[in-house]
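These notes concern the structure reproduced below.
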Amino acid sequence: MSDLQQFRIETRAWLEENCPPAMREPVRGFEDLYNGGRKPEISHPDQKLWCDRMAERGWTVPHWPREYGGGGLAREEVKVLQQEMARINARLPLDSFGISMLGPALLKFGNEEQKREHLPPIVRGEIRWCQGYSEPNAGSDLASLQTRAEDGGDHYIVNGQKIWTSYADKADWIFCLVRTDNTGSKHEGISFLLFDMASPGVSTRPIRLISGSSPFCETFFDNVRADKRNLVGEEGRGWTIAKYLLTHEREMISGFGAATGKSLGELALQTFGTDPSGRLANGILRHSIAQYQLDSLAFETTMSRVGDEAKAGHGLGAASSIFKYYGTELNKRRNELNMAIGGEPALGWEGEVYDDGRICRDWLRSRGNSIEGGTTEVQLNIIAKRVLGLPD
Amino acid sequence: MSDLQQFRIETRAWLEENCPPAMREPVRGFEDLYNGGRKPEISHPDQKLWCDRMAERGWTVPHWPREYGGGGLAREEVKVLQQEMARINARLPLDSFGISMLGPALLKFGNEEQKREHLPPIVRGEIRWCQGYSEPNAGSDLASLQTRAEDGGDHYIVNGQKIWTSYADKADWIFCLVRTDNTGSKHEGISFLLFDMASPGVSTRPIRLISGSSPFCETFFDNVRADKRNLVGEEGRGWTIAKYLLTHEREMISGFGAATGKSLGELALQTFGTDPSGRLANGILRHSIAQYQLDSLAFETTMSRVGDEAKAGHGLGAASSIFKYYGTELNKRRNELNMAIGGEPALGWEGEVYDDGRICRDWLRSRGNSIEGGTTEVQLNIIAKRVLGLPD
Amino acid sequence: MALVLTEEQLMLRDSAAGLLAEKAGVAQLRALRDTGDELGFSRQVWREIAELGWPGIAIPEEYGGLGYGYAGLGLVLEQVGRNLSPTPLQASVLVGATAVNELGSESQKQMLLPALAAGEQLVSLALQEGAHHAPEHTAMTARADGEGFVLNGTKCLVLDALAADWFVVIARSAGEPGDTAGLSAFLVPAASTGLTLEARSLVDSRGVAALRFSDVRLGADAVMATPGQAWDGLSHCLDIVNIGLASELLGLATEAFERTVAFLQERKQFGRVIGSFQGLQHRAAELFAELELARSIVLRALQAIDDRDPDLPRLASAAKAKLCEVAQRATNEAIQMHGGVGMTDEFDIGFFLKRARVAQHSFGDYNYHLDRFARLGGF
Amino acid sequence: MALVLTEEQLMLRDSAAGLLAEKAGVAQLRALRDTGDELGFSRQVWREIAELGWPGIAIPEEYGGLGYGYAGLGLVLEQVGRNLSPTPLQASVLVGATAVNELGSESQKQMLLPALAAGEQLVSLALQEGAHHAPEHTAMTARADGEGFVLNGTKCLVLDALAADWFVVIARSAGEPGDTAGLSAFLVPAASTGLTLEARSLVDSRGVAALRFSDVRLGADAVMATPGQAWDGLSHCLDIVNIGLASELLGLATEAFERTVAFLQERKQFGRVIGSFQGLQHRAAELFAELELARSIVLRALQAIDDRDPDLPRLASAAKAKLCEVAQRATNEAIQMHGGVGMTDEFDIGFFLKRARVAQHSFGDYNYHLDRFARLGGF
């Protein structure tokens, strides 16, 4: 028996014994995702138990090195673990920005001390992180950020304001882009700094969106003290780390479009029925749905193709540059069609009869997809310049 | 009886007597339009007769002053003349760039001598003019033209090349933009010069388009001598005249879309028939045709509205800025739909069975509408900057 | 008629713009929403509007109106759109009064139109039953009962229903859903026994309700037009209503566009005003052109109402379809070009997006009217 | 199958690119057009292509082909599109040989496929009769006559007909136009008595003809498949053909786009390279994205042929519809972005526009295939 087969047998047995039955139930919404933190929000008490059991083996982040609390598993072993979890419908034990965003950045750019201090609490779900990037006057021009970090000897004094900080009101620490130098080009002088959200001078205010309440906050820093040992990378060289993480974020957002339920064609048939030729009775709508489905099929095929090319060692081709742009535009189209198919019920905002405005709020929320994480316009600029080689 | 009624009676009688029967037949194509010139092209001998008779009274250009050979008619009289000509289906006696383009420019910018020398031969159809504006390396950036006119004392020496010169191979004289000064901004140093196409050093070469033969030519100037008295306006101030004429030209091109025959809906019904609900059987095509017809109706209504506003003394509103752009884009859409409806016969290029490629050649020719006379992109720039006040 | 506004119309437009911006603008809509006001508008503001006579603009003079025609009402509705004004100008003036005028008997008109013109009473149309506008599929039953009728069924999307004194109700006295024959119209007091209202909350925060009719008994005086033959009058009424909604959408889209252009002129990114980026410039210029087309077709359709133009049905669907398309594009572009700030509830631009979709949907959306435009065009 | 090209496929692609660019590119197409060549391709170049074995790429090994499958042929056709290569690779290899392979009897395949694989004989499909692709509306009659049949009727858009040795002819032996049942396929020698060819001149300057059948008598050996039951085989053949045309359009659109991007990088206006204008940049970037989508769906559809994927019909219509849309946009943008020079016959870019429309139209255009895609999607 190969080592991998042995690993599979042991993993299967361990999961069978340790995964609580409640954690094998399907995730019904965001509230069923466990994000950890000092004051974790839970919808079921077994969430924390399940996270703790997995964290003990480092399996909340199985591919991170063991010395930082991770599982230290090889790629094939990670796949086996995922397969065995899927087999019993085990939920993800922990979902956090620490795992998806800060961790990869620290592993690549952090020093040994920073990794040892910050990675294990992420693995154990003890510290929840948020990301302090966007600022009110910067928008797409992220690098023009103005939050200042002044030298205070062994620490920085941080002053300024961030916006679109997801879960800032619930996070324990923040990884934050600050300006430590004003003299060079705007991309220089940016530093990547970590500090505790419980520090004096930090305050947050949730942002209400056109679609309703949201995880986003405004975050204010008023003479916040941040230890210099929590500066990641060199002072003034934070932009490199920021760009690395932006790529991660874009890939996450471009996945939005993939979420599907019933097909739009089926939904429309329920509402409008067919004409004598068997086609959807609303011919104009039919054309728009067919266009959407065609593009959606071609886009999903493109994501598969790029994946297959990468696996075949061709690297991440130029086609990946279109994912964020095209995926979010498709998602907007799908939501717009949902509204057109839905009619009156889709215009509902509150009340049980309208499912508290699910269709409508999803639609409104989708309008932001092509703004957050790099606007469609910025994505098109990137394609034009980096892929097509068109000049400034 | 009012003077105008008197004028109508006399005009009616004169037309009845002087308009040859052949000149009351419908115009079947470009070959039936009379353009005059030293060696006029005619499809019927009465074309010249009719032009001469009308020219004698100045009625080839009835609104120009009598001292320059025109009819000297008041606006209401011109209208009466047009109505009376329409009553008997009288053809336009003369159609030329001299009347539509150079004449208005000379009347506004020319000196007395120039008006007396050049306008009467235009009225009489003796001299045919062409327009020397575009150059191979200038394109949309007309003002970057490079054709040089060097000072030779009482004359200029012209060297350079023009492109897209309509009927250069048939015209007698050219009104031409030349560079007399290279030192200032590109808009300065441009002069508006007239010279004889029979001058030594002038040569032309017809341009074949993707749609087939065309009136366009390349025109070459090799040490062509042009009298200084034929400089219109001040030296180096020709750009003002050019801009004035470009507006004229754009309005002419934007009218392309107005030419209609059978409606696209009727054509499509002939080909595809209806489904059991009575709708066009090709539902996808139906949607595109309906969109086109809706926009076409709204565009024609916009042209009427702007006309009515102008008549009401509101001036030419901002809406007129969209005419060239929208009219040519609509015309391209109509031709594209013609192709989609037409199918195999519309792909024909030569031969009687394909009417020598009429549908296809019209479609190919229409692709140029949004390029000539100021590209769609230039039009959109103008709207953005001049109408919407967006900055450079 | 020339496609220009008269002096009188220009004055009306300016006066509407002034009052609505001050008394019934986005700020008031937001306040009504945030306080959870069920009525959806301010009675006090409505009285001020009524004093200016606007509720009677399109009502014939013989019934106490100003008789300015729909071209006049369209101008007011355009300003309503610009300001997202929460008033019964749509529900009772555009829709309700038109229904009474087109479908009502002489005595009903004499009884009700003067009160509507004075803004003292409100009437709303109860038509839609399912997810989409489909008037010929009306299923609500009107069973003959002596000289009168008994109504049973449900209606949704009844505008400003909680404030209405009367409803014009479309019901079926004969035939099957899908038939245009057999439809009847009734003038029903809001206080009728067996009629219950359920307030609904839509994305545009305007007052709207669903109605349930359980054996609502009506006398002969409630019958409008000839029983079973309401279709032609209803159809004409809906043409007018859709042109009025197109006017509102024109104002809404134009305002969203102008706010966006102003934002483009101010907002800086990458060291430049973002309005200097050609990518945005061209999109703004294209949208400008579409708005000019939209303005023309709306004006033409409004005049067609007053001119009794036989081409009215086609022009009505043209105007509504075009304005659905343009308003959708203008509001979507407004959010995108405003960027993150446009996504926040704190900023006003989202209100335009929200109202646009409800107005687009009401009485037939883009898909419905483009199809109808093509059918009336013979293909 | 992974959506990537194998080493073997990459080599094939590169070799096709090299040969076609040199021997059968736009320059050769222009020369054939300008000399009024009726055949529409060079026999000499065809022999060189045949020596490399490409005519047999998709033909099974047991019939003398290479058996590389349609994924391989698709790569060659993409290069044909890039170079606008005037060769019988579409008429005889993609369309003709596929029709023989899908519809022919065992003896017909043994007789003809090896010769087609060697490029020694050419076969073309005679299907379309009216202005549009509508195979179930085939009206040409096949009247039973002893063991054989007699054909009467006309066909148009028969590719490379003047060079063809054989035609696969679709005719109706039973039923009415509109029925899929009753269609039959026949293998007809070009030299048959009663068959006349009329060369036609289309916008893409390729060899094409109309065929007239006047009492063309065929023996039993001409019958392909079971009489009256050709629909399924024909339909499968057309799916393959449309995917092949989509491959050609992919190459054509990509080449037109790359030439345009190169032009944008060079051409100066207003003192700047025009490729620096954001308005053009965004349009180019959007088109790039569409071309990437197009590439994916074509590759997926090609693999679906070789994999005998039951979803083939839907994927075929998806690929053809998407490529019709993208090729139309790419060629129109190419002309617009090239400006005046793109409108001249002297410049090559117009050839791409012209060929695109013929390939788009052939065997069903965008409207046809988007409708079919929706129908196969169940709505």
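Any read-out appearing in this document is the output of simple, stated calculations on the displayed coordinates, not a laboratory observation. Every value quoted in this text rests on a predicted model; they were computed, and no experiment measured them. Counting neighbours? That spans all protein chains shown, and the Cβs are built from the backbone with ideal geometry, glycine included.
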Can you give the charge dipole size of chain B about its Cα centre, rounded to the nearest 20 debye, using +1 on the beta carbon of Lys and Arg and -1 on the beta carbon of Asp and Glu?
500 debye
Please label the shape of the range B:1-126 as rounded, prolate or oblate, based on the square roots a ≥ b ≥ c of the eigenvalues of the alpha-carbon gyration tensor (a/c under 1.5 means rounded; beyond that, a/b larger than b/c means prolate, else oblate).
oblate
If each residue of separation counts as 0.36 nm, what is the full-extension length gain between A:Asp222 and A:Gln6 once their alpha-carbon separation is subtracted?
72.2 nm
Multiply the residue gap between A:Ala74 and A:Glu113 by 0.36 nm, knock off their C-alpha separation, and tell me the result in nm, one decimal place.
11.6 nm
Going residue by residue through the range A:36-44, the Karplus relation 6.51 cos²θ - 1.76 cosθ + 1.60 with θ = phi - 60° gives ³J(HN,Hα) values, rounded to whole Hz and with x marking Gly or Pro, of x, x, 5, 10, x, 8, 10, 9, 8
Counting other beta carbons within 10 Å of each Cβ, put C:Cys324, A:Cys19 in order, fewest first.
A:Cys19, C:Cys324
Scoring the range A:1-136 by relative contact order with C-alpha pairs under 8 Å, at least six apart, yields a percentage of 30 percent
Protection proxy (average C-beta count within 10 Å per residue), highest first, orders A:200-211, D:162-173 as D:162-173, A:200-211
Ascending count of other beta-carbon atoms within 10 Å, so fewest first, for B:Lys332, A:Lys79, A:Lys324:
A:Lys79, B:Lys332, A:Lys324
Among B:369-377, B:70-78, D:315-323, the order from most to least packed when residues are scored by Cβ within 10 Å on average:
D:315-323, B:369-377, B:70-78
Euclidean distance between Cα centres, the range A:348-392 to the range B:92-142, Å
53 Å
Which distance in nm do the two modelled labels at A:Thr240 and A:Arg205 give, with both placed 7 Å along the Cα-to-Cβ direction?
3.7 nm
With all distinct Cα pairs included, what does the Kirkwood hydrodynamic radius of the range D:7-120 come out to in Å, to one decimal, could you say?
14.3 Å
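Using a Förster distance of 60 Å, how high is the FRET efficiency between B:Asn18 and D:Arg272, based on the Cβ-Cβ distance and rounded to 0.05?
Efficiency for this residue pair is about 0.55.
In peptide C:364-373, how many Cβ atoms from other protein chains are near each Cβ within 10 Å, on average?
Numbers: counts 0, 6, 4, 11, 3, 3, 9, 10, 1, 6.
Other-chain Cβ atoms within 10 Å of each residue's Cβ, averaged: 5.
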If one puts a single equal scatterer on every Cα of the range B:256-387 and applies the Debye formula without solvent, what log₁₀ I(q)/I(0) results at q = 0.11, 0.13, 0.17, 0.19 Å⁻¹?
-0.50, -0.66, -0.97, -1.10
Among D:101-112, B:283-294, how do they line up from the highest to the lowest mean number of other beta-carbon atoms within 10 Å?
B:283-294, D:101-112
Peptide-level mean, for A:305-318, of C-beta atoms on other protein chains within 10 Å:
3
In nm, one decimal, shortest first: how far is the label point of A:Glu126 (7 Å from Cα along Cα to beta carbon) from the matching points in the other copies?
10.4
Helix D:366-376 vs. chain D, principal-axis angle (Cα, 0 to 90°, nearest 10):
70 degrees
In nm to one decimal, list the spacings between the B:Trp14 label point and its equivalents in the other copies, with label points set 7 Å along Cα to Cβ, shortest first.
10.7
Report P(r) for the protein assembly as shown: all Cα-Cα distances, bin width 10 Å, range 0 to the bin holding the largest distance, values in whole percent.
1, 7, 12, 16, 17, 17, 15, 9, 3, 1, 0, 0
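Can you tell me the relative contact order of chain A? Whole percent, Cα pairs under 8 Å, sequence separation 6 or more.
11 percent
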Between A:Thr60 and residues 5 or more places away or on another chain, the pairs with built amide H atoms under 5 Å apart involve A:Ala55
Residue span A:Asp52 to A:Leu316: 0.36 nm per residue of separation minus Cα-Cα distance leaves a gain in nm of 91.5 nm
Counting only other chains, what is the mean number of Cβ atoms within 10 angstrom of the Cβ of each residue in peptide C:327-334?
1
What spacing in nm lies between the two simple spin-label points modelled at D:Arg47 and D:Ala181, each 7 Å away from Cα in the Cβ direction?
5.1 nm
Using the Cα atoms as the points, what is the convex hull volume per residue of chain D in Å³?
133 Å³
What relative contact order, as a whole-number percentage, does the range B:129-236 give when Cα pairs under 8 Å and 6 or more residues apart are counted?
31 percent
State whether the range A:203-333 is rounded, prolate or oblate according to the following rule on the C-alpha gyration tensor (a ≥ b ≥ c being the square roots of its eigenvalues): a/c under 1.5 gives rounded; otherwise a/b larger than b/c gives prolate, and the remaining case gives oblate.
oblate
What percentages make up the Cα-Cα pair-distance distribution of the range D:125-228 when the bins are 10 Å wide from 0?
16, 51, 28, 5, 0
Based on the Cβ-Cβ distance from D:Glu8 to D:Arg308, what FRET efficiency comes out when R0 is 25 Å, to the nearest 0.05?
0.75
Axis carrying D onto C: which residue of D has the nearest Cβ, and how far, whole Å?
D:Gln278, 2
Between copies, how far apart are the C:Gly18 label points? List them in nm, one decimal, shortest first, with each point 7 Å from Cα toward Cβ, please?
8.2
